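The structure follows.
The values are calculated or read from the model by the stated rules, or taken from the named source; none is laboratory data. Remember, it's a predicted structure, so these values are computed and weren't measured experimentally. Neighbour counts run over all protein chains shown; Cβ positions are idealised from the backbone, glycine included. When the accessible area is computed, the model is the full protein with side chains, heavy atoms only, and any ligands, DNA or RNA have been set aside. Shrake-Rupley method; radii C 1.70, N 1.55, O 1.52, S 1.80 Å.
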Protein chains: 2
Amino acid sequence: MSLKALRTHFTGEINPEADNGQTVTLSGWAHEIRDLGGITFLVLRDRTGRAQVTILKKKVDPELLETVKRMSRESVITVTGTIKAEPKAPNGYELMPESITVVTVAESPLPMDTTGKVDAELDTRLDNRFMDLRREEQTAVFVIRDTVQAAIRDFFRENKFVETTTSKIVAAATEGGTDLFPISYFDREAFLNQSPQLFKQMLMSAGLDRVYEIGPIFRAEEHDTRKHLNEATSIDIEMSFADHEDVMELLENMIVYIYEQVVEKCQKSLAVLEKELQIPKLPFNKYTYEQVLDIINNEIPEIEDKMQFGDDIGTQAEHLFGEYVFNKTGESHYFIIDWPTETKPFYAMPYEDRPEISKSFDMMHRMMELSSGAQRIHQYDLLVERIEAKGLNPDGFDFYLKPFRFGMPPHAGFGVGAERLIMTMLELDNIREAVLFPRDRKRLSP
Amino acid sequence: MSLKALRTHFTGEINPEADNGQTVTLSGWAHEIRDLGGITFLVLRDRTGRAQVTILKKKVDPELLETVKRMSRESVITVTGTIKAEPKAPNGYELMPESITVVTVAESPLPMDTTGKVDAELDTRLDNRFMDLRREEQTAVFVIRDTVQAAIRDFFRENKFVETTTSKIVAAATEGGTDLFPISYFDREAFLNQSPQLFKQMLMSAGLDRVYEIGPIFRAEEHDTRKHLNEATSIDIEMSFADHEDVMELLENMIVYIYEQVVEKCQKSLAVLEKELQIPKLPFNKYTYEQVLDIINNEIPEIEDKMQFGDDIGTQAEHLFGEYVFNKTGESHYFIIDWPTETKPFYAMPYEDRPEISKSFDMMHRMMELSSGAQRIHQYDLLVERIEAKGLNPDGFDFYLKPFRFGMPPHAGFGVGAERLIMTMLELDNIREAVLFPRDRKRLSP
């Protein structure tokens, strides 16, 4: 016994020429049913696309016709029939049915439209995510996300990185204090981890040398914007015997590899989304923080808040600077490097000859920041000094500091927001469209 | 500027014959320093193994000799020198140094031994995990774990599965109530997810068709045993148009593929652990729950607690039955199928002709249970009935039940404990050895 008989092919696997005349069984959803009198078109949809089932009233069993007549849209169906090459049909073939079975009936009315003919509000869509994901544009996003994650893993494997899994339940805050979700861990207080940062650094002392992790991070940030999530996926790497320059090179190569893989493997999904990806050019342009400051203050009059050394780059400035770079270079991706030490976390390595500047970088996309990274401090004394300079108590970081006393190699790393990567690649309006079941200030369900 | 000059090769990448006479730079830890008078052996260790640096007092710069004399064990060092094939040295070569640099000094005494000569208690090891992971047996475990995860992903990609990421913060318990860690989610109560079960089922209604996820699960179980973790990694899959037989076949093929990949790619790590893996034979043996009952009650007199239909299989019985199967078949892996419906979660599909039995299975290893799975109920009415029969309120499962009303395909799936998979494969004494930073009743740090 097996349900395998319910499907011999996905709709997207059929080759109209090679499979012409073959008998196949398809399973999926009744996407559309159009009764034109003598002929009925039933469109069956699965993850890979659609197949047109052509029912000629005079030629089929009356019972089969009856089944189609009674069928509600979005019911789960199985169709066995013969492939007929037909250039005018979707995917170049139609299916001449021998049998049609309704496996599960869908109730009517549907909670939302799946044909793309009616626009629904994002909230309605997310409330009915199971239905929203049936829209081919949404399916395409997650088929692409799968390819992106596979590309990242292949890239790091190829570069001799080891995939690691670190704890999400932690006793202490990564960067000391704010924006944490507290957990009751038996009779103790614990937190959801904001970042695997401290773990991946400890793993450098452990000698794993090059590690990466694609996993959840949790931030209790109050703001509810188009580009923030309270639970997100972070692509995190750390590399020993490497500095910020080395990992920037790794990062830009990773981005290009991802784009190349998506272009190679996801043409169909890109077509559904009406996107043509431009592969970013290597190397990415680099601007020092001070150059950015200078350009913002002197070359972009539209920016309202002028900046001083040590200021963060505001949203408007970031946006207009991204446009400036794009107009100048034709590229969406670029680095802002050499940030003031005070603007970066305690573990960012200051330059030896100019300690107010750190060996740090942000990797930007025109739309938003995608990644932050740095060479890290590997000297115990300097690290303690920096923790104290941030007003934090080194005692709270005991478990983290100890590995620095017994042989910590120089190392560097970065984190990339997976959803932001997808969002910028596919120019999605809202980051929630890049997550299956998003979590934000208001949303805990489904 | 780049730190790439610190390493031209990993120690394990050098081919004694091909690279003989070549100049290389290695970086790693000072594993051992043996001063024999006229000759000093310095062993440099990295993730891939060890290299012997041979220092002939009369031939090297006195400054270099001084550096080695002052060097503390486990300091991070960089050595540039010439490869000399030497069958008696580890990995078949020695390095004749031109320069040796101490990059980071390790304090003495070390918090624990890394040579494997002194056995440390597990708690001491976990408290000093960064140091414990430097032991080559522990490095080997995580190099193998990396290969296992890569093999799983390759296997599912090959079988047309899409990798998904589901939320770890949830509003409701997956299986209704117990063993949950509560979170303060802004002003609401939420929980850490015990399993992606409900999500992956919703994704079947969404039409993603075949999904897998390797991600964290959280269980607030009080017991503190060798084989339980409070935060673990689950390998979860769900497949549409498939039943329990189909996914059992997938599961046994996955296990065999993983073993094959580890044998192919991890010979060195297996040798360090002194393990020779036996590839499980296909198909795995299957015993129905009732057969197991019968054997336990009649053929294994050592089992103290005899069983009645509906009883769970206790730890002692499970263990002795595993031995029984192994002695009879020579195989460690087997299935127990057709469990009483009442012993399984509400979503397990009952047999049509014998509803007290469900289309469910556990996949066992001689040492312990590795996986649970089933065909799932896809009929809304039956599912509501089963939720109620478990004493749960269907209203709490609204978000989950809705997808069943609008076109849910038949589907089946399973979850596998990643750490248990590693633990049984490598015959580790304690599941904590398969996790970088384990979390249990008592341990929240590092």
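For B:LEU56, place a label point 7 Å from Cα along the Cα-to-Cβ direction in every copy; what are the distances to the other copies, in nm, shortest first?
With the label placed 7 Å along Cα→Cβ, B:LEU56 yields 9.1 nm.
Within region A:3-104, what whole-number % of the accessible surface is contributed by carbon and sulfur, with the 1.4 Å probe and all protein chains included in the calculation?
For region A:3-104, the apolar C and S fraction of the accessible surface comes to 51 percent.
When each copy gets a label point 7 Å from Cα toward the beta-carbon at B:THR178, what are the spacings between them in nm, shortest first?
4.2
Using only the alpha carbons, work out the radius of gyration and Dmax of region A:347-408 in angstrom.
13.8, 42
For the pair B:SER445 and A:ASN253, how long in nm is the line joining their label points, each one 7 Å along Cα→Cβ?
Placing both labels 7 Å along Cα→Cβ, they lie 3.8 nm apart.
So, one more: For region A:355-362, what does the Karplus curve 6.51 cos²θ - 1.76 cosθ + 1.60, with θ = phi - 60°, yield as ³J(HN,Hα) per residue in whole Hz, taken in order and with x for Gly and Pro?
Couplings: x, 6, 10, 10, 7, 10, 8, 10 Hz.
Just the Cα atoms of the protein assembly as shown, one point each, no solvent: what log10 I(q)/I(0) does Debye give at q = 0.09 Å⁻¹?
The Debye formula, applied to the Cα set alone, gives -1.01.
If you don't mind, another one. By DSSP, what percent of the beta bridges with both residues in region B:3-104 are antiparallel, rounded to the nearest 5? Could you put the intermediate results ahead of the total?
Numbers: 31 of 33 bridges.
Bridges in region B:3-104 that DSSP calls antiparallel: roughly 95 percent.
Per DSSP H run of at least 4 residues, take -39500 (n - 2.57); add these up for chain A, divide by its residues and hand me the 222 nm value, nearest 500 deg cm²/dmol. Display every interim value, and only then the final one.
Numbers: 12 runs with 131 residues, N = 446.
For chain A, the value works out to -9000 deg cm²/dmol.
Further, regarding this structure: When we measure straight from the Cα of B:LYS328, which aspartates and glutamates land under 14 angstrom away, once same-chain ones fewer than 8 places off are left out?
List returned: B:GLU299.
So if I take the alpha carbon set of region A:384-446, get Rg, then get Rh from the Kirkwood formula, what is the Rg over Rh ratio?
Working: Rg = 19.1 Å, Rh = 15.8 Å.
Using only Cα positions, Rg/Rh for region A:384-446 is 1.21.
Which chain A residue sits with its beta carbon nearest the axis carrying A onto B, and how many Å away is it, rounded to a whole number?
Spelled out, residue of A and its Cβ distance from the axis onto B: A:ILE183, 3.
Still on this structure: Take the solvent-accessible surface of the protein heavy atoms, probe 1.4 Å, and return the percent of it on region A:143-246 that carbon and sulfur atoms account for. Don't skip to the answer; put the middle values down first.
On the way: 1210 of 2740 Å².
Here it works out to 44 percent.
With the solvent-accessible surface defined on protein heavy atoms using a 1.4 Å probe, which residues belonging to region A:1-39 display a reduction of at least 50 Å² in accessible area in the multichain context relative to the isolated chain?
A:MET1, A:LEU3, A:LYS4, A:ARG7, A:TRP29
Please give the FRET efficiency for B:ILE279 paired with A:THR82, using the beta carbon to beta carbon distance and R0 = 35 Å, rounded to the nearest 0.05. Could the numbers behind the result be given before it?
Numbers: r = 42 Å, r/R0 = 1.20.
After rounding to 0.05, the efficiency reads 0.25.
Can you find, among A:THR166, A:PHE186, A:THR225, the residue farthest towards the positive end of the dipole of region A:76-230? Put +1 on the C-beta of Lys and Arg, -1 on that of Asp and Glu.
Going by the Cα projections, it comes out as A:THR166.
What do you reckon, how do A:LEU444, B:LEU3 stack up by accessible area (1.4 Å probe), largest on top? Display every interim value, and only then the final one.
Working: A:LEU444 5, B:LEU3 40 Å².
Ranked from most to least accessible, the order is B:LEU3, A:LEU444.
Continuing with the same structure: Any idea of the total accessible area buried by the A-B contact, 1.4 Å probe, rounded to 100 Å²? Provide the component values of the computation, followed by the final result.
Numbers: alone 21920 and 21940 Å², together 34600 Å².
In total, this chain pair buries about 9300 Å².
Another question about this same structure. Could you tell me which GluC sites (Glu not before Pro) in region B:350-446 are loop residues by DSSP with no more than 15 other beta carbons within 10 angstrom of their beta carbon?
On the way: sites: B:GLU352, B:GLU356, B:GLU369, B:GLU385, B:GLU388, B:GLU419, B:GLU427, B:GLU433; in loops: B:GLU352, B:GLU427.
Qualifying residues, ordered by number: B:GLU352, B:GLU427.
Could you do me a favour and compute the accessible area per residue for region B:108-151, 1.4 Å probe, result in Å²? Don't skip to the end; give the middle numbers.
On the way: 1650 Å² over 44 residues.
The answer is 38 Å² per residue.
Can you quote the Å³ per residue value for the convex hull of the Cα atoms in chain A, rounded to an integer?
On the way: hull volume 87.3 nm³, N = 446.
About 196 Å³ per residue, rounded to a whole number.
Oh, and also: How many Å² of accessible area per residue for region A:3-104, probe 1.4 Å?
Per-residue accessible area for region A:3-104 comes out at 45 Å².
Taking the dipole about the Cα centre of the protein assembly as shown, with the C-beta of Lys and Arg at +1 and of Asp and Glu at -1, give me whichever of A:ALA106, B:TYR93, B:PRO446 is farthest to the positive side.
B:TYR93
Also: List the GluC sites (Glu not before Pro) in region A:6-94 that DSSP assigns to loop (not H, G, I, E or B) and whose Cβ has at most 10 other Cβ atoms within 10 Å. Which are they? Intermediate results must be reported in sequence, preceding the final value.
Details: sites: A:GLU13, A:GLU17, A:GLU32, A:GLU63, A:GLU66, A:GLU74, A:GLU94; in loops: A:GLU17, A:GLU74.
Of the GluC sites (Glu not before Pro), the ones in loops of region A:6-94 whose Cβ has at most 10 other Cβ atoms within 10 Å are A:GLU17.
Got the A:GLN316 label distances to the other copies yet, label 7 Å along Cα→Cβ, in nm, shortest first?
Spelled out, the distances from A:GLN316's label point are 7.6 nm.
Separate question: Once you charge only the Cβ atoms, +1 for Lys and Arg and -1 for Asp and Glu, what is the size of the charge dipole of region B:1-92 about its Cα centre, to the nearest 20 debye?
Details: 14 positive and 11 negative charges, 35 e Å.
My answer is approximately 160 debye.
Work out the length of the dipole vector of chain B about its Cα centre, built from +1 on the beta-carbon of each Lys and Arg and -1 on the beta-carbon of each Asp and Glu, and round it to the nearest 20 debye.
Details: 52 positive and 75 negative charges, 425 e Å.
With Lys and Arg at +1 and Asp and Glu at -1, about 2040 debye.
Then there's this: Name the residue farthest towards the positive end of the dipole of chain B from the options B:VAL68, B:TYR289, B:MET425, assuming +1 on Cβ of Lys and Arg, -1 on Cβ of Asp and Glu, about the Cα centre.
Highest projection toward the positive end goes to B:VAL68.
How about region B:146-241: which trypsin sites (Lys or Arg not before Pro) there are in a DSSP loop, with at most 15 other Cβ atoms within 10 Å of their Cβ?
Passing sites in region B:146-241 are B:LYS160, B:ARG226.
Using just the alpha carbons, could you tell me how many Å³ per residue the convex hull of region B:3-104 encloses?
Details: hull volume 9.2 nm³, N = 102.
So the per-residue Cα hull volume is 91 Å³.
Using the Cα centre as the reference, give the magnitude of the dipole from point charges on the C-beta atoms of the protein assembly as shown (Lys, Arg: +1; Asp, Glu: -1; all else neutral), rounded to the nearest 20 debye.
Working: 104 positive and 150 negative charges, 258 e Å.
Rounded to the nearest 20 debye, it is 1240 debye.
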